[in-house]
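This report concerns only the one structure given below.
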Amino acid sequence: MKAYLHLANGKTFTGKLASPLPNGEVSGEIVFFTGMTGYQEVLTDPSYKNQIIVFTYPLIGNYGINADDFESKRPHVQAVVVYEASSHGYHYEAKYSLKEYLQQWNIPLLTHVDTRALVKEIRNEGTMMAQLTVSPSCTLAALDGHLSPVRDVSTTQIETYGDGQPHLMLIDFGYKKSILQSLIARGCKVTVVPYHTLPQTVESLKPDGIVLSNGPGDPKQLSQHLASIRQLIDRYPTLAICLGHQLVALSYGGDTEKLRFGHRGANQPVFDAVKQKVFMTSQNHSYVVKKDSLANTPFHIRFTNVNDGSVEGMVHRHKPILSVQYHPEAHPGPGDTDHIFDEFLQTVVKGEKVYA
C-alpha cells in the first residue's frame, strides 16, 4: 500500500507500507541513524521513544532479529523508514525478519523511500515533527513538551541483578540493557531504580556508586529532579551516560541546547584530552551541554566531538564524577571506549564507604 511521510516543513515523501499502520497514521519526531548495522539495538533503545527513525544504510534487515541483542523488552520507535527492507534474516541466530518483528508490536515499516533525499532534508532543516499516513495530506500536531518520555520508559520497581562487589545504583531514565550487562560482566551487583527515586531510598540501599543512565527527551523536562540528582552525585562516585551526563551539568548550574539534527550512529569521533587520543563512539542524542555554561562549574571538559566541537564528557575537579555524552557500552559498537566503565570502577573501589 502506498503511504506518505509528511514533514513539518511541508515536504512529503512517498513509500510502501510493509507492515500495517495503526489507526491510519502515526506521528513523531523524525531522526536518522547512520550505522550500517545495529538496527535491532536502535529499535529497542528507549532513547528513541516518540521518534520516527530513518536508516541511512540502503538495506536494513539482512541479518534479521535475534534473541540476544535487544536493549529493552520492546521496540520504542514510532515508525521505521528505509530504502529497502530485507524480507528474510540471513543469519543462523535470526528468529524473525525485521518486518515480522515490527508487526508483532504494530510498528509501521515504510520502504522504498528516497532516504538520501529525506536525510538531506533533516540535515538542512533540523529534526522536526513528521506524520506517516495513507492520506496525501495531513495536519501535524506538536508533541507535548511538558510530558517527559522518561516516565514512559523508566522501570516502576526496584530490581537487583548480579551478586558481586561493588554494589552500584543504576538510576533508570531509560537505560540500555548493555549498560547493565557491562557492569555485571565486571563483577558488580547492580540495583536498578526508577528515575524519581528519592535520595533517602537510594541511601537505604547502601550503594558504593551511582550510574545515571541514558534516556529520551529534553533533559530540562526533568528539572524538578535536579536537586535530588545533585544530592546523590555529590555523595557517591558517579558515572553518567548520555541523558545522565546532561542532567549532571544541569544539576551544577550548566545549560543544555538542542542540536540541529543530533548525533546518531556508530562512527562519531571523540577526542579524549586525558589520553590525547581520538576514539570512535556510538551515540544517540539530540541535546548537548553548552560549553560556555560550564565556565562557573567545577567541571573540566575531558571529551570533545571532533566534528562539531560539542561537549562529549566532563570530569569533576575534586569529586569522583565522570560523565560521557556517548555510549561506552558500545552497542551497536564500536568498542573503543568501554574502558570508561573500568575507570569509573577504579574510583568506586578506591573510595571510602559513603553511607552511615
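The values are calculated or read from the model by the stated rules, or taken from the named source; none is laboratory data. A quick note: this is a predicted structure, and the numbers were derived from the prediction, not measured. As a convention, Cβ positions derive from the backbone with ideal geometry for all residues, glycine included, and neighbour counts pool all protein chains shown. With ligands, DNA and RNA removed, areas are computed over all heavy atoms of the protein, side chains included. Shrake-Rupley method; radii C 1.70, N 1.55, O 1.52, S 1.80 Å.
Quick look at the values:
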{"read-out": "Surface per residue (accessible, 1.4 Å probe) for the chain, Å²", "value": "43"}
{"read-out": "FRET E, pair N124, E257, Förster distance 25 Å, beta-carbon r, rounded to 0.05", "value": "0.85"}
{"read-out": "Largest-first ordering by accessible area, 1.4 Å probe, given options K177, K120", "value": "K120, K177"}
{"read-out": "Residue range of the chain that is longest and free of GluC sites (Glu not before Pro) which are both DSSP loop and sparsely packed (at most 13 other C-beta within 10 Å)", "value": "94-351"}
{"read-out": "Solvent-accessible area, 1.4 Å probe, carbon plus sulfur percent, for the range 109-171", "value": "46"}
{"read-out": "Pairwise FRET efficiency - Y92 versus T12, Cβ, R0 = 41 Å, nearest 0.05", "value": "0.50"}
{"read-out": "Rounded to the nearest 10 Å², the accessible area of S87 at probe 1.4 Å", "value": "80"}
{"read-out": "Overall form of the range 243-356 per C-alpha gyration tensor (a/c, 1.5; a/b vs b/c)", "value": "oblate"}
{"read-out": "Members of K95/K120; K49/K189; K49/K73; K2/K99; K220/K290; K120/K258 lying beyond 23 Å, as alpha-carbon distances in this model show", "value": "K95/K120; K49/K189"}
{"read-out": "Solvent exposure, largest accessible area first (probe 1.4 Å, DNA, RNA and ligands not counted), of F271, F55", "value": "F271, F55"}
{"read-out": "Helical contribution to [θ] at 222 nm, DSSP H n ≥ 4, -39,500 (n - 2.57), averaged over the chain, rounded to 500", "value": "-5000 deg cm²/dmol"}
{"read-out": "Which of M1, M169 is most accessible, then next, and so on - probe 1.4 Å", "value": "M1, M169"}
{"read-out": "Of T191, V113, G162, farthest towards positive along the dipole that unit charges on Lys, Arg, Asp, Glu beta carbons give the chain", "value": "V113"}
{"read-out": "Among V150, T281, Q221 - extreme Cα towards positive end, dipole of the range 140-294, charges at beta-carbon", "value": "T281"}
{"read-out": "Three-way shape label, the range 17-104, alpha-carbon gyration tensor, a/c 1.5", "value": "rounded"}
{"read-out": "Charge dipole magnitude, Cβ of K and R +1, D and E -1 - the chain, Cα centre, debye nearest 20", "value": "320"}
{"read-out": "Per-pair calculated FRET efficiency, R0 = 56 Å: V134 and A185 via Cβ, rounded to 0.05", "value": "0.75"}
